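The values are calculated or read from the model by the stated rules, or taken from the named source; none is laboratory data. Treat the numbers as computed from the prediction; the structure is a model and nothing was measured. With ideal geometry, Cβ positions are generated from the backbone for all residues, glycine too; neighbour counts draw on all protein chains shown. Keep in mind that these areas ignore ligands, DNA and RNA; they rest on the heavy atoms of the full protein, side chains included. Shrake-Rupley method; radii C 1.70, N 1.55, O 1.52, S 1.80 Å.
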Amino acid sequence: MRRRRLAAAGVAGVVLLGGGGVAYAQTQGGVGSYRTAAASVGDVDETLTLSGTVTASTRQDLSFGASGTVTKVAVEAGDTVSAGDVLAKLDPTALQTAVTKARATLAKARAQLETDQTSQASTVTESTTPTTTPTTTSGDDGATPSSGSSGSSGDSANDSSGGSSGGTSSKTTAALKAALKKLAAQQSAVITAQTAATDAITAAKSALSKQADACAVEEAEEPAEPADGDDGEDDGGTDDAPASTGLSDACTTALADVQAAQDVVSQKQDTLQSALKDLSTTLTAAVKTVGEAGSTSGSTGSDSGSGSGSGSAGSGSAEEPAATESSTPAASSSSASSSDSSSGTAGGSSGGGGTVTAATLAQDQAAIDTAKAELIEGERARAAAHLTAPFSGEVLSVSAAKSDTVADSDVVLVLAGDGATTVTTTVTLDQIDDVEVGQAASVMPAGATEPASGTVTSIGLLPEGTDTTTYPVTIELDGEVAAPEGSTASIQLVIGTATDVVTVPSSAISTARRTTVTVLTDGQPVVTPVTVGVIGATRTAITEGVKDGQQVVLADLDAALPSGDSTTTSLTGGGGFPGGGAGGGRPGGAAGGRG
């Protein structure tokens, strides 16, 4: 049945979805037509979607995943343990030391990047700010200000600089702000592009490793000798169909993955080169300007150099500001980039360091990326000092004792399962920080009609096999699951939860320039900044900006449909036209909300 309800603002049609949990409305008025939804209080779960393999937990060889000295073995053969129980421990001293060193390395790399960014900004600042050269008269007894007396050189300096730059100070400030803004954008582009290139190279190495494994069993067969009368030429007959490559499907797929990964590397490196070129152009122009200013300043004061030194020291002449400006720290970092600037700028600097180029910034970020990866590895190794049971079962054997030295792959215990079913999966280096032992999971085995609940019981401390970018994760399912051994399963891992919070449909959120939603107030759309919390499959928690009951715009029904050249996405990557513009991905700068 279709109901109609008249309202002062127009006609509203309401549809309840999801068992009445969400109400969507279409509102027509004099100013436009919008599809809206009400902000409401509820619970939101943020999930990570993975795929895995169903395995019966009958037996598993356990190792620490890190090298060290055993300090405790808490079980004996025949003991019954539960999932998550600590079975043995390593001395964590060396592992903690490695983490401390990794943190120090990361901090040093970040500090170096900040220093180099500041140095580049100083160069641009010096090149944008005009240098005022006071008028002087030459003489053996030092420089004399053109007006005033040596006893009032401070006032003379102020009068000189003020009189020459007072009319242009606002223009200079605006130009400086614009130059620094441009520099910051170019620096950010280089840093982002460098990290993307590093990630792409890592992924390509992983694909190459997988390809080597997949194709390892493929033996290149010698080509068959041509039959009598067959000279190997294509005669257009019916027997010239493409010959089989002799490779398995897995090997062929792996080779295609390697090619795709290498294509991505090429694209990311092109982007990096473009960003480096833009930043290099800006820095080169700034250094040249500084060098020319230094050269001009040097030639102007050549006749009065000896007098200027004694005069400024003894009486504080009006030339002092110019001398100070020519010796800013930026000169020491930039002057070496060209011969034109080295004579003027480097001569006035006291640092004498090398040029902070665009490539230097990329190297700094690469060092940060490497340090981050080493820190993650160190923290995972430290966590491996505690060997826990991945599932409930019986200890079959113990092969290590207190004070023994073990390698990361040495088998320490053998555990037999009690019939529980597990699902094994892998997570990437970017995902592993979101995964913790004890997290809830929903698992849907292939062919099943209902999902099974489970819990994360172990996270591998070493990469999966020869793959250096993925780590194994084990999920123990609650109760028995009727799924064949080795069958695939879809996994929804809950990585964040928010309860009793204001939520809106994810498609209502825009991240075009900032994170906003469009609130319909008195028939008028009002773009409202919001702070985003946990992002669910269909709804997102809003921690600030929207109140319970407010109507948020999902689509402007009067707006033209996007063309094929436009990009319109939302937080969930789905359709809809969120108020305020298109968005995509997790909002930058949004507040986290993991519980």
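Listing for the model above:
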| read-out | value |
| --- | --- |
| Residue satisfying all of: in the stretch 458-476; in contact with an Asp or Glu (Cβ under 8 Å, 6 or more places away or on another chain) and closer than 16 Å to Leu50 by Cα; least open to solvent (accessible area, probe 1.4 Å) among these | Tyr471 |
| Every pair of residues 6+ apart whose Cβ atoms lie under 7 Å, when the first sits in the stretch 90-102 and is free of Cβ contacts under 8 Å to residues at least 40 places away in the same chain while the second is crowded, with 19+ Cβ neighbours inside 10 Å | Ala94/Gly68 |
| Sole residue being open to solvent by less than 60 Å² (accessible area, probe 1.4 Å) and in contact with a Gly (Cβ under 6 Å, 6 or more places away or on another chain), chosen from Ala381, Ala389, Ala416 | Ala416 |
| The one condition in (1) open to solvent by 50 Å² or more (accessible area, probe 1.4 Å); (2) under 15 Å from Gly52 (Cβ atoms) that Thr421 fails to fulfil | (1) |
| Val22 vs. criteria surrounded by 14 or more Cβ atoms within 10 Å (Cβ to Cβ) and either charged (D, E, K, R) or at pLDDT below 65 (or both) | yes |
| Residue match in the stretch 552-566 (condition: within 24 Å of the chain's Cα centre (by Cα) and either modelled with pLDDT under 85 or not in a helix (DSSP H, G or I) (or both)) | no |
| Any hit, the stretch 493-507, residues being within 29 Å of Ala214 (Cβ to Cβ) and β-branched (Val, Ile, Thr) | no |
| Residue that is nearest to Thr422 (Cα to Cα), among those in the stretch 53-78 that are open to solvent by less than 60 Å² (accessible area, probe 1.4 Å) and in a loop (DSSP other than H, G, I, E, B) | Ser57 |
| Flag for Asp410 being closer than 22 Å to Lys89 by Cα and either in contact (Cβ under 8 Å) with a residue 60 or more places away in the chain or buried (at least 21 other Cβ atoms within 10 Å of the Cβ) (or both) | yes |
| Of residues in the stretch 497-524 being open to solvent by 40 Å² or more (accessible area, probe 1.4 Å), more than 22 Å from the chain's Cα centre (by Cα) and not hydroxyl-bearing (Ser, Thr, Tyr), the one nearest to Asp548 (Cα to Cα) | Asp500 |
| Hits in the stretch 202-218 (condition: over 15 Å from the mean Cα position of the chain (by Cα), of a type in the set (Val, Ile, Thr) and closer than 13 Å to Gln262 by Cβ) | none |
| Conditions (1) outside any strand (DSSP E or B); (2) exposed (fewer than 14 other Cβ atoms within 10 Å of the Cβ); (3) not aromatic (Phe, Trp, Tyr): number failed by Ser119 | (2) |
| Yes/no for Ala366 being modelled with pLDDT of 90 or more and either crowded, with 17+ Cβ neighbours inside 10 Å or part of a helix (DSSP H, G or I) (or both) | yes |
| In the stretch 278-292, residue nearest to the chain's Cα centre (by Cα) [restricted to those that are open to solvent by 20 Å² or more (accessible area, probe 1.4 Å) and touching a residue at least 40 places away in the same chain (Cβ under 8 Å)] | Asp278 |
| Hits in the stretch 431-452 - residues which are among the polar types (S, T, N, Q) and more than 14 Å from Gly52 (Cα to Cα) | Gln431, Gln439, Thr449 |
